[in-house]
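One structure is given below, encoded as structure tokens.
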Amino acid sequence: MIEAIGLTKTFKLYRTPSDRLLESLLRRPRHRRHTALQDISFAVEPGETLGILGRNGAGKSTLLKLLTGVLLPDSGELRIQGKLTGLLELGTGFDMGLTGLQNIERNGRLLGMTGDEIAERHAAIIDFSELGEYIEEPLRTYSSGMAMRLAFSIAIHADPACFLVDEALSVGDAHFQQKCIRRIKQFRDNGGSLIFVSHDLNAVKVLCDRAIVLERGRVVASGTPEAAVNHYNRIIADLDDEPMRPSLEPAPGYGNLALEIIEAELRGEGSGSEVLSAGEGATVRLRVAARETIPVFTLGILIRDRFGQDIFGTNTYFLEHPLAAEAGDTLTVELSFPMNLAPGKYTLTAALHSEHNHLQQCYHWCDNLLRFEVAGIQGPVFYGIARLEPRIRSFREGAAPLTSQLAGVAG
């Protein structure tokens, strides 16, 4: 278990290195204080995964360094039961002049493993890293992905009670990332705690039980991963003029409202309702009111499943269909597509913004604006969350190809 109670950390910032020297000689302050973290409190129970979200500079890395003992808090209390290891910045604890084998010994001891433990887990660490013969080469010859493989493999085999993961998992190929995620889930299922820091919002939703959002060194939101992600999106839009509050109250939307979504519906072409079948045509209809003249803007949609995972998103910018409005206009925008999603319950988020995302100008963002259900399947049965509609081609060698298609697939 990890419990943080009122953690605060400040740093002295100097304009130049000479100011630091002059301060020590003249005994006069030549610095300003920066509060990286202020009054941070949370708890992580055994078997629980906590996500941490925040913009660059919000205090995430400082918090992880406090948890791993790299830094000490100025005030507050940190209670940790059991061994805690972390996969923070790539290369931490590594000697680039040593081989991968030698760094297993070195890094393992830094993580608190004994010589016997390292020897016992030596083969498993190498096998999991999939480095093969490169394990005998110096780390300076490794790519960032190879270094991440070795770092993760050592850290996860250190038998921690709690595992800290920063953005390092974003490095490397998809195969190894998936392997790491499976190992993390296994670690959690066996009772291990996990603190996961990432800008990959979908990974936070999939892996975490709870999440907190940091902004300017404070916890400004704490709750379910989906609600935390929605709050984080609101922060990065730079539109929250109200003081940050440690709450995740649902809101009808946010933005500067130069454009506003005033009506929305999703209907199946066959069912005529928000309950439709997989493979059935669907139409999303949105009415937009313009309070100002906007020469070019973008309308986007995002579909999420019942776990809050992002399933599909697109917008008129990507579809090369620019929109425009004059003050006083009311526009109707329709997006039609086959609903090739597995049966289940979903939500649809809609947004009006400039260019390809909402980071420049966010006119109106509405999380979970619509709810709909996919019930039953039209056409061939499929497994998973999406129907990809493959074409099948089979032939005898030396003979003309025989081409067939799945039923319901356009030629």
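Only sites in a loop by DSSP and with at most 16 other Cβ atoms within 10 Å count here; which trypsin sites (Lys or Arg not before Pro) in segment 176-239 make the cut?
The qualifying sites are R216.
In debye, nearest 20, what is the charge dipole magnitude of the chain about its Cα centre with +1 on Lys and Arg Cβ and -1 on Asp and Glu Cβ, if you could check?
Magnitude of the dipole: close to 980 debye.
Give the angle, between 0 and 90 degrees and rounded to the nearest 10, that separates the Cα long axis of helix 17-26 from the longest principal axis of the Cα atoms of the chain.
40
Going by a ≥ b ≥ c, the root eigenvalues of the Cα gyration tensor, does the chain fall in the rounded group (a/c under 1.5), the prolate group (a/b larger than b/c) or the oblate group?
Here the chain falls in the oblate category.
Given a cut-off of 21 Å, name the pairs among K60/K179; K9/K65; K65/K185; K185/K205 whose C-alpha atoms lie farther apart than that in the structure shown.
As for pairs spanning more than 21 Å Cα to Cα, those are K60/K179; K65/K185.
Once a ≥ b ≥ c are taken as the square roots of the eigenvalues of the Cα gyration tensor of segment 2-236, is the result rounded (a/c under 1.5), prolate (a/b larger than b/c) or oblate (a/b not larger than b/c)?
Oblate.
Using the per-residue mean of other Cβ atoms lying within 10 Å as a proxy for protection, in what order, highest first, do the peptides 298-304, 272-278, 12-18, 115-121 fall?
Highest mean packing first, the order is 298-304, 272-278, 115-121, 12-18.
Using the Cα centre of segment 259-377 as origin and beta-carbon charges of +1 (Lys, Arg) and -1 (Asp, Glu), tell me which of Y317, N357, S277 is placed farthest towards the positive end of the dipole.
Going by the Cα projections, it comes out as S277.
Could you check what % of the DSSP bridge pairs in the chain are antiparallel, to the nearest 5?
Just about 75 percent of them are antiparallel.
Need one number: the % of Cα-Cα pairs in segment 258-411 sitting beyond the 22 Å mark.
Of all Cα-Cα pairs in segment 258-411, 49 percent lie more than 22 Å apart.
With +1 assigned to the C-beta of every Lys and Arg and -1 to the C-beta of every Asp and Glu, and no other charges, what is the dipole magnitude of segment 2-236 about the Cα centre in debye, to the nearest 20?
Result for segment 2-236 is approximately 1360 debye, rounded to the nearest 20.
Sorting check: for 352-358, 140-146, 326-332, 59-65, which peptide has the highest mean count of neighbouring beta carbons within 10 Å, and how do the rest follow?
59-65, 352-358, 140-146, 326-332
On C-alpha positions alone, give me the angle between the axis of helix 115-129 and the longest principal axis of the chain, in degrees, nearest 10.
Helix 115-129 sits roughly 30 degrees off the main axis of the chain.
DSSP loop GluC sites (Glu not before Pro) in segment 1-97 with at most 16 other Cβ atoms within 10 Å of their Cβ, which ones?
E89
Rule-based calculations on the coordinates, nothing more; no lab input. Here the structure is a predicted model, which is why all the values come from computation and not from measurement. So basically every Cβ, Gly included, is an ideal-geometry build from the backbone, and we count neighbours across all protein chains shown.
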